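To start, the structure under review is shown below, and the notes come after it.
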């Protein structure tokens, strides 16, 4: 059956309204998609309900009122619950529906959901994203997609409403594997950014002035340009939670082990972030790594 997805005709369901999900869903509502939402903390849905979205009491109830159901939640266990659980979205889906998991999760779980959905005549796509809270707010996320081409192509009106870099990576699970590549790249880059700012501080340099020289050169990166100023300003509010990044690195390390790969840089970053979490910063942004590294150097970063 050919899929046709467009605002004004297709009913959207959305599960999970966290740091990124609220903005992503908001863009679809603004585009004109009739939208039903569910999140564990109902108050988080209030801005979307005020814009015309409808509330449902469970992921299953969301699916019962939608053609395409998106989810972006915290951990693989959450994905399993909202997709495959007793009150999950698959249970409320009818033949021809599309499930889209945008959580960063396990490739094997993406394949499991795909196969369970296929048995019911439902399409399933894994589509994790990169870009953090800023990318979500500005609708310029990178979306990494795994699944059948017909379903992926049909979803283009939704993809382009939320992101700027939209790439179909392959079959079920390919989007999640690509996100593991992304997280591995970020992991050691974050160490470099934080260590560099520590060096600049210890050398007595003015860090905003240093940024003028290094952010646009060969050492430049998204993390440096977007998170470096937050580190300097002691703003460790989450664009992406430390505890979620630890989860992602754990998935990547598990997958690497299955493939016989040694990734010592990723393992080091994982250990440093575990230390940061142990210091009470699990719900801060990933750039709070600065605080753990500063502590190791006996520097009180926030009071500098």
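Computed quantities for the displayed model
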item	result
Nearest-ten-degree value, helix 174-202 long axis tilted from longest Cα axis of the chain	20 degrees
Among 283-290, 121-128, 45-52, 97-104, the order from most to least packed when residues are scored by Cβ within 10 Å on average	97-104, 121-128, 283-290, 45-52
Centroid-to-centroid separation of segment 65-102 and segment 10-30 [C-alpha atoms, Å]	14 Å
Between helix 21-31 and the chain: long-axis angle, C-alpha atoms, 0 to 90°, nearest 10	50 degrees
Length-normalised contact order for the chain - Cα pairs under 8 Å, 6+ apart - percent	13 percent
Prolate/oblate/rounded call for segment 17-71, Cα gyration tensor, a/c under 1.5 rounded	rounded
C-alpha long axis of helix 242-258 to longest principal axis of the chain, angle in °	80 degrees
Segment 11-171: C-alpha gyration tensor shape, a/c 1.5 cut-off, then a/b vs b/c	rounded
Cα gyration tensor, segment 111-153 - rounded (a/c under 1.5), prolate or oblate	prolate
Theoretical FRET efficiency, 1/(1+(r/R0)^6), r = Cβ-Cβ of residue 11 and residue 160, R0 22 Å, to 0.05	0.75
Alpha carbon centroid spacing (whole Å) that separates segment 112-189 from segment 197-225	32 Å
Inter-label distance for residue 4 and residue 297, nm, one decimal - labels placed 7 Å from Cα along Cα-to-Cβ	6.0 nm
Packing rank of 170-179, 107-116, 224-233, where each peptide gets the mean count of other beta carbons within 10 Å, highest leading	170-179, 107-116, 224-233
For segment 72-111, diffusion coefficient by Stokes-Einstein and Kirkwood Rh (Cα), 20 °C, 1.002 mPa s, µm²/s	205 µm²/s
Kirkwood Rh, angstrom, segment 178-303 [1 / mean 1/r, Cα pairs]	14.9 Å
D (Stokes-Einstein, µm²/s), Kirkwood Cα radius, the chain, 0.692 mPa s at 37 °C	164 µm²/s
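No value in this document is a laboratory result; all are computed from the given coordinates. Since the model is a prediction, treat every value here as computed from it, not as a measurement. Positions of Cβ are backbone-derived with ideal geometry, glycine not excepted, and every protein chain shown enters the neighbour counts.
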